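K.L.:
The structure under discussion is supplied below as structure tokens; questions concerning it will follow.
All of the numbers you see were taken from the coordinates with simple rules; none came from a lab. A quick note: this is a predicted structure, and the numbers were derived from the prediction, not measured. No Cβ is skipped: glycine too gets one built from the backbone with ideal geometry, and neighbour counts run over all protein chains shown.
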């Protein structure tokens, strides 16, 4: 579990493609306490550390991750957002982020403001019930607040601190970004859509004397 507060921007040093997975070697200077077996959020996706060096670590993305995220488009020397998993005693600075990507969105506009930037991001319509105004959403692992919601897009505001300390500053129109919708909203939708087949039938009522 994560909070969507990026700790460091890492650099992809090496990519090795395997038959049904891809290995990424990522350099990081601030995240010094990772060890083999730890979970780390990379651009929003939870990965397991397989190897650890002095200032780098290696993860392996399985096919499901490659299908659900933009990992297949990552390149050597690309910057990625990094966050270590939460401790139960940590402050929840953003919102509850699982690191399980729901889908990939596309940046359709980046609008500079006086002291910030507005990102307009499109996403599949089937997820529209999971995006609400002033609700939380994770974009490439960053906890953000939704400003406006359309049928298949939403907007978020990026303050100067987030712009400086994440990889959003290198993102541009048409770039794909990993999206994770609010986990609480997903469970609520599941419960509301759950249908049970009633055991009360006409035969049942007749049997009971109705």
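K.L.:
Given the Cα-Cα distance of residue 193 and residue 108 and 0.36 nm per residue of separation, how much length would full extension add, in nm?
P.N.:
In short, 27.5 nm is gained.
K.L.:
Under the definition of Cα pairs under 8 Å and six or more residues apart, what whole-number percent is the relative contact order of the chain?
P.N.:
In percent, rounded to a whole number, it is 23.
K.L.:
Would you mind getting me the FRET efficiency between residue 62 and residue 115? Use the beta-carbon distance for r and R0 = 45 Å, nearest 0.05.
P.N.:
0.65
K.L.:
For the chain, what is the calculated [θ] at 222 nm in deg cm²/dmol (nearest 500), taking -39500 (n - 2.57) for each run of four or more DSSP H residues and dividing by its residue count?
P.N.:
-3500 deg cm²/dmol
K.L.:
Starting from the Cα of residue 23, step 7 Å along the direction of its Cβ; do the same at residue 173; then give the gap between the two resulting points in nm.
P.N.:
In this crude label model, residue 23 to residue 173 measures out at 4.0 nm.
K.L.:
What is the packing order of peptides 179-185, 120-126, taking the mean over residues of other C-beta atoms within 10 Å and listing the highest first?
P.N.:
Per-residue mean Cβ counts within 10 Å order the peptides as 179-185, 120-126.
K.L.:
Starting at 0 and stepping by 10 Å, how many percent of the alpha carbon pairs of the stretch 38-156 end up in each bin?
P.N.:
Spelled out bin by bin, the stretch 38-156 gives 11, 39, 35, 14, 1 percent.
K.L.:
Now for a different question. Could you work out the equivalent-ellipsoid semi-axes for the chain, taking the square root of 5 times each eigenvalue of the Cα gyration tensor, largest first, in whole Å?
P.N.:
36, 23, 16
K.L.:
Can you tell me the orientation of helix 183-193 relative to the chain, as the angle in degrees between its alpha-carbon axis and the longest Cα principal axis, to the nearest 10?
P.N.:
20 degrees
K.L.:
Another question about this same structure. What Kirkwood radius, in Å to one decimal, follows from the Cα pairs of the stretch 126-210?
P.N.:
Evaluated on the stretch 126-210, it is 16.1 Å.
K.L.:
Another question, then. Whole-Å semi-axes of the stretch 105-155's equivalent ellipsoid, largest first, each the root of 5 times a Cα gyration tensor eigenvalue?
P.N.:
Gyration-tensor ellipsoid for the stretch 105-155: 18, 12, 10 Å.
K.L.:
Which whole number in µm²/s is D for the stretch 76-135 by Stokes-Einstein, with the Kirkwood Rh taken over Cα pairs at 25 °C and 0.890 mPa s?
P.N.:
Reported coefficient: 163 µm²/s.
K.L.:
Let me ask something else. How much length is gained if the chain between residue 145 and residue 87 is pulled fully straight, taking 0.36 nm per residue apart and subtracting their Cα-Cα distance, in nm to one decimal?
P.N.:
Full-extension gain reported as 18.6 nm.
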